[in-house]
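Beneath this line is the structure, given in structure tokens, with notes to follow.
Laboratory data are not the source of any read-out in this text; all were calculated from the coordinates shown. All of these numbers come straight from a predicted model, not from anything done at the bench. Here the Cβ is made from the backbone with ideal geometry for all residues, glycine too, and neighbour counts use every protein chain on show.
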Amino acid sequence: MSLHHDAVAVLSTWTAPTPGEEALREQFLDHLREHDDAMLRECVPGHLTATTAVLSHDGAKVLLTLHPKAKMWLPMGGHCEISDTSLAAVALREAWEESGISGLRLLPGPLALDRHAVWCHPPRCWHLDVEYAAVAPAGAEAVMSDESLDLRWFPVDEIPELSDEATRRLAARGQAALTSDSRALG
């Protein structure tokens, strides 16, 4: 299955938790129907991306990167690559590349959708962001990549002001999903 087909399948079966995200889900599916290259950075009006909130093993903290262009604390994430086969794989790859943490476990998802303007193709382009959460192994040590100005763990309920509501929402949903997943496993 191609990445494009995977995105259509994931978004077609995902139940949006809010009316706003349901509208985004429909917009993302329309975008996929209209653009064969919707998954790639080269799609100028916008392209699908994957973001991952990396949670500590107990879900108490979230790892955020100080993004060099946005100058904000954000979760790990980024562009799809031609070799990617699924949105979940993109989410996990980006989380590993930007956190340096091996052994991340992706929680069932996606957990959220977000659409925001970016600088990929001036004057403006859109990231159609499909958002996941992953859990780090106990004792995991993050390693800052060259894609970050800083990398820090924050309590999920104490994300700094220099962030955004989408980050807070994703971290909280990731924490809830981990709690739910732990109950199901345990």
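Would you please report the Å³ per residue occupied by the convex hull of the alpha carbon atoms in segment 1-79? Don't skip to the end; give the middle numbers.
Details: hull volume 11.0 nm³, N = 79.
Residue-normalised Cα hull volume stands at 140 Å³.
For the chain, what does -39500 (n - 2.57) per DSSP helix run (n ≥ 4), summed and divided by total residues, give at 222 nm, in deg cm²/dmol to the nearest 500?
Values: 4 runs with 61 residues, N = 186.
One gets -11000 deg cm²/dmol as the mean residue ellipticity at 222 nm.
Testing the spin-label approximation: label points 7 Å from Cα along Cα→Cβ at Asp146 and Asp58. State their distance in nm.
According to this spin-label approximation, the distance is 3.7 nm.
Evaluate the distance, in nm, between pseudo-label points positioned 7 Å from the Cα of Val44 and of His116 along their respective Cα→Cβ axes.
Going from the Val44 label point to the His116 one covers 2.5 nm.
By how many nm would the segment from Asp30 to Ser83 grow when fully extended, if each residue of separation counts as 0.36 nm and the alpha-carbon distance is taken off? Mind dumping the intermediate values first?
Details: separation 53, 0.36 × 53 = 19.08 nm, distance 2.33 nm.
Working it through step by step, the gained length comes to 16.7 nm.
Points 7 angstrom from Cα along the Cβ direction at Thr179 and Ser2: gap in nanometres?
Computed distance between label sites Thr179 and Ser2 equals 4.1 nm.
Quick one: Debye curve from the alpha-carbon atoms of the chain only, equal weights, vacuum; give me log10 I(q)/I(0) at q = 0.18 Å⁻¹ to two decimals.
Evaluating at q = 0.18 Å⁻¹ gives log10 I(q)/I(0) of -1.23.
Hand me the trypsin sites (Lys or Arg not before Pro) from segment 41-88 located in a DSSP loop with no more than 10 other Cβ atoms within 10 Å, in residue order please. Intermediate values should be presented prior to the final figure.
On the way: sites: Arg41, Lys61, Lys69, Lys71; in loops: Arg41, Lys69, Lys71.
Here the sparse-neighbourhood loop sites are Lys69, Lys71.
DSSP loop chymotrypsin sites (Phe, Trp or Tyr not before Pro) in segment 2-90 with at most 14 other Cβ atoms within 10 Å of their Cβ, which ones? Don't skip to the answer; put the middle values down first.
Values: sites: Trp14, Phe28, Trp73; in loops: Trp14.
Those that pass, being in a loop and sparsely packed, number zero.
How long is segment 83-178 along each principal axis, judged by its Cα atoms, biggest number first, in Å?
43, 36, 28
Length gain on complete extension for the stretch Ala138 to Asp157, per 0.36 nm per residue less the alpha carbon to alpha carbon distance?
Numbers: separation 19, 0.36 × 19 = 6.84 nm, distance 1.98 nm.
Residue separation times 0.36 nm, minus the Cα-Cα distance, leaves 4.9 nm.
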